[in-house]
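Inspection log for the structure reproduced underneath, given as structure tokens.
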2 protein chains.
Amino acid sequence: MTQILKGNIVAAPELGRLDITEHGYLTAEDGKITGVFADLPERYRQCDVQDWGDCLILQAPADMHVHGPQYAMMGLGLDKPLLEWLQSYAFPTERRFTDLGFAREVYRRLAHDLIANGTTRVAMFSSLHTDATLVLMEELEKAGIVGLVGKVNMDQNGAEGLQETTEGSMAETLRWLEGCERFTRVRPVLTPRFVPSCTGELLAFLGRLAAERDLPVQSHLSENHQEIELVARLHPDCPNYGGVYAKYGLWTDRTLMAHCVHSDGAERAAMKAAGVTVVHCPNSNNSICSGIAPVRKMLDEGLKVALGTDVAGGSHLSMFGAVEDALRCSKDRRILDNWETPHLTVAEAWYLATTAGERFFGAKGGFAPGDPLHAVVLDDSRLLTPYPLTVRDRFERCVYQRQDGWLRAVWSEGRQVL
Amino acid sequence: MTQILKGNIVAAPELGRLDITEHGYLTAEDGKITGVFADLPERYRQCDVQDWGDCLILQAPADMHVHGPQYAMMGLGLDKPLLEWLQSYAFPTERRFTDLGFAREVYRRLAHDLIANGTTRVAMFSSLHTDATLVLMEELEKAGIVGLVGKVNMDQNGAEGLQETTEGSMAETLRWLEGCERFTRVRPVLTPRFVPSCTGELLAFLGRLAAERDLPVQSHLSENHQEIELVARLHPDCPNYGGVYAKYGLWTDRTLMAHCVHSDGAERAAMKAAGVTVVHCPNSNNSICSGIAPVRKMLDEGLKVALGTDVAGGSHLSMFGAVEDALRCSKDRRILDNWETPHLTVAEAWYLATTAGERFFGAKGGFAPGDPLHAVVLDDSRLLTPYPLTVRDRFERCVYQRQDGWLRAVWSEGRQVL
């Protein structure tokens, strides 16, 4: 099957680089991109062209850190400090996922709303409930979303109704992995909630599982100071927070670590050496007052950094919004650093939201030939135009001016899903 | 004429205080509020009730700093530093307002979109073009918006095509004021762009005009460090930036000063003494990297602080968004102050967006009897509910979860305008 999309094609293949092809052609065969062309190649001359006129055609973004169950409580309780927020809002919500009817309702809506926001790839936390996690994976796959979902492991420092025994957690993880076999697009990722919520025994089990079954891993790292101090008390033998994950075999180039707001130079160097991907979550870092992550520094040091909404520490589901949040966070960082650190540009933040995440999934990114087709069509024709705008100007504006109905089409792994 | 609105009524009469009347009645006669009641008073028993079911009924917000012409370029160029942004985006846009057809198109859309966002009161900058300013006032008034609009004065340090002679600026100001006589809801406010763009002669003229005709004043103050240094060089006789406005009679309890990010203790004390209202513009302060305003400190010191979108240094028109921006800014400030300064709560930020602005217009705020009826009805029924929520929870969530079509109705000065 050949697909040809015509429009103003914007790709972010490298940090800070934008490749813009005005009124160009994005082509795919059997769901894989074959190229971006200013003129349609001879071999496609007989094929149907989907002409999107003056619309923008962008890579579909990847949300690399999002808590599925918390979607039900997005925007609630954000005046509260972290622990009170967890106890009063997040945990009561997560507890409800023993109810599979409720899970089905929330996860169907979540899957729909992800697509409606143009997000086609995710790395997502579920709750600790095995069956609800399988419902989540089913609903995502049905909607056409691709990526990773993890049943959460938590055998200490949990909350009422939200803690497993060590043995229970291991057994449920194996049962969950068995249940995952039927899914082809949404695959499992091992998900210890974070170091304080897992015993060493459980972490060691998960590390062995990751190695034996070649599974990716996701967790949280150095989000706030209290958490870092707690981890230091729990694991005095480890050099830092990240060292705990490393000790248990959960620290590889298939590892996603959310936040890393307060990772020091040694921890950042360890991430770089191991090939760990940082998932920057600017909205959440602000919402629950964690801090202002030094993203420019991480990028300058050569770390891999992708972007996440972190719903519902983050207050919205839009990755276009997450790009705006990343820009705002980097401008805060600039102010905080006495205007000495350059803020991110829209092109850079958009790269974090797209190619950086795609690479974790094995793609090259930036509409590279061979990659699965993940794309969105944006129609900005209803916006005011003070004078003729470049495609680059229009692309930049789209991050800030998100309009109802502007998303005209979405493709995920070559399939049109909106 | 009697109006009775039934729903969950949320009022913010004082900083941090929320008065919530579940399934209550908000009543008005001839466009003026007569009260909020848990039970409908006897005298209204025969009147029609508009029953909004489980919806929220809130005060309509007031945008106290917004640049009308820049709406045409909202979201453009925000990667650029201030001066380049002005030269490449803002000034080319403002220059176009010699074209009254263009002005009509932009201002009609702006007026419509303000109402669509629930904003019914504004303090707005126009450009220096007298005729386009009158078009702006006409379109706002037609749409049902109430408030202040100012023709901008700029007789030095302008840009090509965007500078007046001193005499020209004075004459055009008088011509504009004459043109304003036909408007009843949208009234003039004297608007020197900021100190660097006006000669002392022009500032003195505007100060006399303010006194003679009892006119309010709006301008910018202490937005960024370079600007403050420039003002100090231009006016070495004045103790600080604000002192220049004071020297020329532009510093009273009818004065709005946007930004005040870097106002020091003396300048803040002078604002308090004179009764000047600070207009906090958190989105813009971040977008163009001005700084992180110490709003909590200003409030603790007893300054009057209202809220503005500052389109298009600000990237959106929604005052619900401005509330979210104010919360984010205050959380940044908390982080910056080593977690020692309490961030704003939703209730506090909402007070800044409503009652604080209303008071500048002579209302008491918080749905007080005698105030003109400005209200919005929000329908959050499409949002997910993890467990039964309080009205307060739902109100707080609405700031973060702004949905398409959630605004069911808007009243401005007693008139239903949406």
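The values are calculated or read from the model by the stated rules, or taken from the named source; none is laboratory data. No experiment lies behind these values; they were computed from the predicted model shown. We place every Cβ from the backbone using ideal geometry, glycine too, and count neighbours over all the protein chains shown. Areas reflect the complete protein model, heavy atoms only, side chains present, ligands, DNA and RNA absent. Shrake-Rupley method; radii C 1.70, N 1.55, O 1.52, S 1.80 Å.
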*How do B:H129, B:H23 stack up against each other in accessible area, from largest to smallest, with a 1.4 angstrom probe?*
B:H23, B:H129
*asked:* With N set to the number of residues, divide the alpha-carbon radius of gyration of the stretch B:57-178 by 2.2 N^0.38 Å and report two decimals.
replied: 1.07
*asked:* Exposed loop sites here are chymotrypsin sites (Phe, Trp or Tyr not before Pro) in DSSP loop states with at most 15 other C-beta atoms within 10 Å. What is the longest stretch of chain B lacking them?
replied: B:1-182
*Taking the label point as lying 7 angstrom from Cα along the Cα-to-Cβ axis, what are the distances from A:D237 to the corresponding position in the remaining copies, in ascending order and in nanometres?*
7.7
*Would you mind estimating how fast chain A diffuses translationally, via Stokes-Einstein at 4 °C and 1.567 mPa s with the Kirkwood radius over Cα pairs, in µm²/s?*
60 µm²/s
*List the relative contact order of chain B as a percent without decimals, with contacts defined as Cα pairs under 8 Å and 6+ residues apart.*
20 percent
_Cross-link pairs A:K80/A:K151; A:K272/B:K80; A:K80/A:K304; B:K6/B:K331; A:K32/A:K331 - those with Cα-Cα distance over 28 Å_ = A:K272/B:K80; A:K80/A:K304; B:K6/B:K331; A:K32/A:K331
*Could you work out, residue by residue across B:282-291, how many beta carbons of other chains sit within 10 Å of that residue's beta carbon, and then give the average as an integer?*
3
*asked:* Can you tell me which aspartates and glutamates have their Cα less than 19 Å from the Cα of B:K247? Leave out same-chain residues fewer than eight positions away.
replied: B:D155, B:E201, B:E212, B:D214, B:E227, B:E229, B:D237, B:D264, B:E267
*Which residues, if any, in the stretch A:314-337 have at least 20 Å² less accessible area in the whole protein complex than in the isolated chain, probe 1.4 Å?*
A:S315, A:R328, A:K331, A:D332, A:I335, A:L336
*R0 of 22 Å, Cβ-Cβ distance A:R109-A:Q50: FRET efficiency to nearest 0.05*: 0.15
*asked:* For A:K32, place a label point 7 Å from Cα along the Cα-to-Cβ direction in every copy; what are the distances to the other copies, in nm, shortest first?
replied: 7.6
*Just for chain B, what percent of DSSP beta bridges are antiparallel, to the closest 5?*
45 percent
*For the stretch B:1-152, what is the charge dipole size about the Cα centre, in debye to the nearest 20, if Lys and Arg each add +1 at the Cβ and Asp and Glu each add -1 at the Cβ?*
380 debye
_Per-residue SASA entry for A:V49, accessible area with 1.4 Å probe, Å² rounded to 10_ = 60 Å²
_P(r) histogram, all alpha-carbon pairs of the protein assembly as shown included - 20 Å bins from 0, percent_ = 15, 46, 32, 7, 0
*Would you calculate a helix-derived [θ] at 222 nm for chain A, using -39,500 (n - 2.57) for each DSSP H run of n ≥ 4 and dividing by the full residue count, to the nearest 500?*
-10500 deg cm²/dmol
*How big is the accessible area of B:D380 in square angstrom, nearest 10, if you roll a 1.4 angstrom probe over the protein chains?*
10 Å²
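Could you state how much accessible area is buried at the A-B interface, both sides summed, with a 1.4 Å probe, in Å² to the nearest 100?
On the way: alone 16490 and 16510 Å², together 28380 Å².
Between A and B, the summed buried area is about 4600 Å².
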*Taking each label point as 7 Å beyond Cα in the direction of the beta carbon, state the distances from A:L389 to the same residue in the other copies, shortest first, in nm.*
3.2
*How many angstrom separate the Cα center of the stretch B:371-407 from the Cα center of the stretch B:154-230?*
39 Å
